1. Test residue 77 against the stated conditions and say whether it is among the acidic types (Asp, Glu) and without any contact (Cβ under 8 Å) to a residue 60 or more places away in the chain.
2. Answer yes or no: is there a residue in segment 126-148 that is more than 30 Å from residue 9 (Cα to Cα), outside any helix (DSSP H, G or I) and not aromatic (Phe, Trp, Tyr).
3. I want to confirm something. Restricting to segment 1-56 and keeping residues that are touching a Phe, Trp or Tyr at 6+ places or on another chain (Cβ under 8 Å) and open to solvent by 70 Å² or more (accessible area, probe 1.4 Å), which single residue is farthest from residue 95 (Cα to Cα)?
4. Being open to solvent by less than 20 Å² (accessible area, probe 1.4 Å) and in a loop (DSSP other than H, G, I, E, B), is that true of even one residue in segment 81-100?
5. With 67, 73 as the choices, which residue is of a type outside the set (Asp, Glu), modelled with pLDDT under 90 and within 27 Å of residue 15 (Cα to Cα)?
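The values are calculated or read from the model by the stated rules, or taken from the named source; none is laboratory data. Note that the structure is a prediction, hence the values are computed from the model and not measured. Heads up, the Cβs are rebuilt from the backbone with ideal geometry, glycines too, and the neighbour counts pull from every protein chain shown. Each accessible area value is taken on the protein alone, full model and side chains, heavy atoms only, with ligands, DNA and RNA left out. Shrake-Rupley method; radii C 1.70, N 1.55, O 1.52, S 1.80 Å.
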Amino acid sequence: MAHFPVNHPARPLYRVLSGLIGLYILVFGVYGVFLTWGEGLFGRGSDWVLGLRTNLAFSLVSVVFGAVLLVGASRRDNLGHYMNLTAGAVFLITGILMMSVLQTSANFLNFSMSTVIVSLLFGLVLLATGLYDKVGTPEQSEEERQRRYHPIAER
């Protein structure tokens, strides 16, 4: 069975990466809300913000997700680990679902192909940061290291 590494040495780098993604999404969302405020919630206009097409609903969701990711990146406990794993899965699933309805009227978040690609990329990065961002005591870290290098338990 696979195990998450505990207290990985590159954990600060992964937290910075998830924080930068959260900051980008938050700035995208705030700017998108200001740009699309007078339009319908699920409008299908040609509003582009920071290289991605958006509407008011997608901008509002982005503000919430950006704030959540920033909170997760700023925490030094396992909450950030779980938040990054969950957000990575959500971004991947959303990207795939929105790609499947891209050229239809079901594209309620007004995605473009560039938005799908960025969503999938952010999902993969957040999933990777979630995999290596687990925090534990030094004893848990040593136990995980022993399990990794000596997988067969002594009886």
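1. yes
2. Kept after step one, since they are more than 30 Å from residue 9 (Cα to Cα), are these residues of segment 126-148: none.
The answer is no, given that none of the residues of segment 126-148 is more than 30 Å from residue 9 (Cα to Cα), outside any helix (DSSP H, G or I) and not aromatic (Phe, Trp, Tyr).
3. 4
4. No, because not a single residue in segment 81-100 is open to solvent by less than 20 Å² (accessible area, probe 1.4 Å) and in a loop (DSSP other than H, G, I, E, B).
5. Of the residues listed, the single one that is of a type outside the set (Asp, Glu), modelled with pLDDT under 90 and within 27 Å of residue 15 (Cα to Cα) is 73.
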